[in-house]
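Working notes for the structure below.
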Amino acid sequence: MVEHGGTDLGPAVAWDFSTNANPLPPPEGLSMALAGADRRRYPEPSYLHLRERLARSGLGDADRLLPTAGSAEAIRRLTLLAHLQGVRHVWTPWPGFGEYAAAAEALGLTVSRYSSVEELARRVSARRAAGERATMLLWVCDPCNPTGRCLNEPSWQRLAELCRTMDLMLAADLAYAPLRWPGHASPGEGALPSCVRGIAWQLWSPNKALGMTGVRAGVLVAPPSAERADVDRLLHLAPSWVLSAEGVALLQAWCEPEVRDWLGACAQQLATWCDEMAADLQALGWSLHSHLPADVHADHEGPGPMVPFLLAKPPAGEGSAQVLQRCRAAGIRLRDASSLGLPSWLRLRAHVPQARLALLACLRNGQQVVQA
Ligand SMILES: Cc1ncc(COP(=O)(O)O)c(C=O)c1O
C-alpha cells in the first residue's frame, strides 16, 4: 500500500501535521451543506446539476467534467484509460506523490521518475530515438507534493512542446491549487498556463483545502484535445454513483462565493503560519528544503513553497525517524518524506498556533506529552 499521512493504526493524535489538509474550522455554509446531504437516496447518477455548477465556477464545459471519488481514484482511472489506449510507459515527478507510480505498476506499466523538465526531455527523446513508439503518460503535480513548488512559465512551455513533439499524454494533479498563495485570479481555468490548458487532463480535489479529507470527492477535467470517445470511456470506467451524497455536497459548496472567499483568506493565513513555523524550526537548527541550492528548484516559480506545507530536516545528531517517533508518542504526527523521495526529510503542514506551540515544546523538551 502507498504510504500516506493522516490517520494510522495508533491512537488518535492531538495534533496532526502529517496531511496537507486545511486545519481551520470550516465555514458555516460548508458544514450546513454536508449536514444536509441526503444519505437516504442515491445521488442523481449523471451528476448533471453538479457538473453544470462546477462549469459555471470556471472549470470548463459540463460535458467534459467527470466527478471522481477524489484524486486518488482519478489517478487510478486515468492511468487505466491510458493503458487501454496503448500507453506502456508512465513518467512521474520525483520527489513526488506515490499514487502515480502505484497506479501504473498495478497495471504492469513501466514507471520512470524525473526530477527536472530538462532531464525528462532528455530521457524521453532517448526513448523515442531507441524506437519506443506508443504514447506515454506524463504526470505533473502543481503545486507539487512534497516540495510545495509550482512550475514556472518556461517549464510549462517546455512541457507543452514535449507533449506535442514526443506524443505525451499530460495529466496535471492540482490537488493543492485551491490553497496556493498568492492564488490565481480564477480558480479553474486560470490554474494552468494557456500553453497546456488545451492538452492537460486536470485533477481537482478540494477536500484538502476545505479541511474535509474524509469526504472522498473530486473532479477530472478532460482537455479540449481529448476525443469524445475517450471522455466517455473514462466515464464508463467509473462505477455508478462514484461520488457519494456528501461528495456532491462538498463540491457544490466549493463553488459558492462565500466558500471561495473563505478559502482565499485561509490560504493567506496559512501562508503566514507556514512562514512562522519555518522560522521556529530554523531557530531550532533545522534545515529547510527551500534553502537547498537553486538548481534543485530550477524549474520553479518564486523562492519557496506556494502552499502551506514545508519540508524540514532535524539538526545533525537527531535522526528524522527518532523525531517522528518522539512526536508520535507525544500525540503529534509528522510525515516522513522518504516515500515521497526525500529520505531524512519530514513534511509538515501549517497548523493553528496552539499546535505549533505544542510541536515546538515537544521538539525542545523531548518526551513531554501533549494534550489537544
Ligand atoms: C498530490 C496529491 N494528489 C492527490 C491526492 C489524493 O487526493 P484525494 O484525497 O482527493 O484522493 C493527494 C493526497 O494526499 C495528494 O497529495
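Restricting to segment 23-40, and then to whatever is without any contact (Cβ under 8 Å) to a residue 40 or more places away in the chain and within 15 Å of A253 (Cα to Cα), can you tell me which residue is nearest to the ligand (Cβ to nearest atom)?
Of segment 23-40, the ones without any contact (Cβ under 8 Å) to a residue 40 or more places away in the chain are 28, 31-32, 35, 40.
Imposing the further condition that a residue be within 15 Å of A253 (Cα to Cα) reduces the set to 28, 31-32, 35.
Details: E28: 23, S31: 19, M32: 22, A35: 21 Å.
Only one residue fits best here, namely S31.
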Quiz item: What tally of residues in segment 190-209 results from selecting those that are surrounded by fewer than 22 Cβ atoms within 10 Å (Cβ to Cβ) and within 17 Å of A226 (Cα to Cα)?
Solution: 6
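Restricting to segment 116-155, name every residue that is within 16 Å of the ligand (Cβ to nearest atom) and assigned to a loop (DSSP other than H, G, I, E, B). Can you show your working first?
Taking segment 116-155 as the starting set, the residues that turn out to be within 16 Å of the ligand (Cβ to nearest atom) are 137-151.
Hits for segment 116-155 are D142, P143, C144, N145, P146, T147, G148, R149, C150.
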Self-check item: helices (runs of 4 or more DSSP H) lying entirely in segment 169-276 (those with 2 or more residues that are within 16 Å of the ligand (Cβ to nearest atom))
Solution: 245-254
Practice problem: Would you check if there is a residue in segment 28-42 being more than 30 Å from L311 (Cα to Cα), polar (S, T, N, Q) and modelled with pLDDT of 95 or more? | Solution: yes
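Condition first: small (G, A, S) and either more than 15 Å from the ligand (Cβ to nearest atom) or closer than 15 Å to R233 by Cα (or both). Now tell me which residues in segment 41-69 satisfy that. Write out each step before concluding.
Here is the first cut: in segment 41-69, the ones small (G, A, S) are 46, 55, 57-58, 60, 62, 69.
S46, A55, S57, G58, G60, A62, listed by residue number.
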Exercise. Taking A126 as the residue in question, decide whether it is surrounded by fewer than 23 Cβ atoms within 10 Å (Cβ to Cβ), free of Cβ contacts under 8 Å to residues at least 24 places away in the same chain and within 28 Å of L84 (Cβ to Cβ).
Key: yes
Quiz prompt | Complete set of residues in segment 61-73 that are more than 18 Å from M1 (Cβ to Cβ) and either among the hydrophobic types (A, V, I, L, M, F, W, C) or more than 15 Å from the chain's Cα centre (by Cα) (or both) | solution = D61, A62, D63, R64, L65, L66, P67
Practice problem: Determine the pairs where a residue that is in the same structural domain as A283 (by TED's automatic domain parsing) and assigned to a loop (DSSP other than H, G, I, E, B), located within segment 312-337, has a partner that is surrounded by 18 or more Cβ atoms within 10 Å (Cβ to Cβ) and among the basic types (K, R) with Cβ atoms under 8 Å apart, the partner being 6 or more residues away or on another chain. | Solution: L334/R347; A337/R347
Quiz item: Quick one: what pairs do we get from segment 220-232, first residue in the same structural domain as A72 (by TED's automatic domain parsing), second part of a helix (DSSP H, G or I), C-beta under 6 Å, 6+ apart or different chains?
Solution: L220/A74; V221/L59; A222/R64; A222/V231
Quiz item: Quick check: anything in segment 70-82 more than 16 Å from the ligand (Cβ to nearest atom), out of contact with any strand residue (DSSP E or B) (no Cβ under 6 Å at 6 or more places or on another chain), assigned to a loop (DSSP other than H, G, I, E, B) and modelled with pLDDT of 95 or more?
Solution: no
Practice problem: Would you be able to tell me the number of residues in segment 1-22 that are away from the ligand (no atom under 16 Å from the Cβ), buried (at least 16 other Cβ atoms within 10 Å of the Cβ) and in a loop (DSSP other than H, G, I, E, B)? | Solution: 2
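The values are calculated or read from the model by the stated rules, or taken from the named source; none is laboratory data. Keep in mind that this is a model prediction, so the values were computed, not measured. Heads up, the Cβs are rebuilt from the backbone with ideal geometry, glycines too, and the neighbour counts pull from every protein chain shown.
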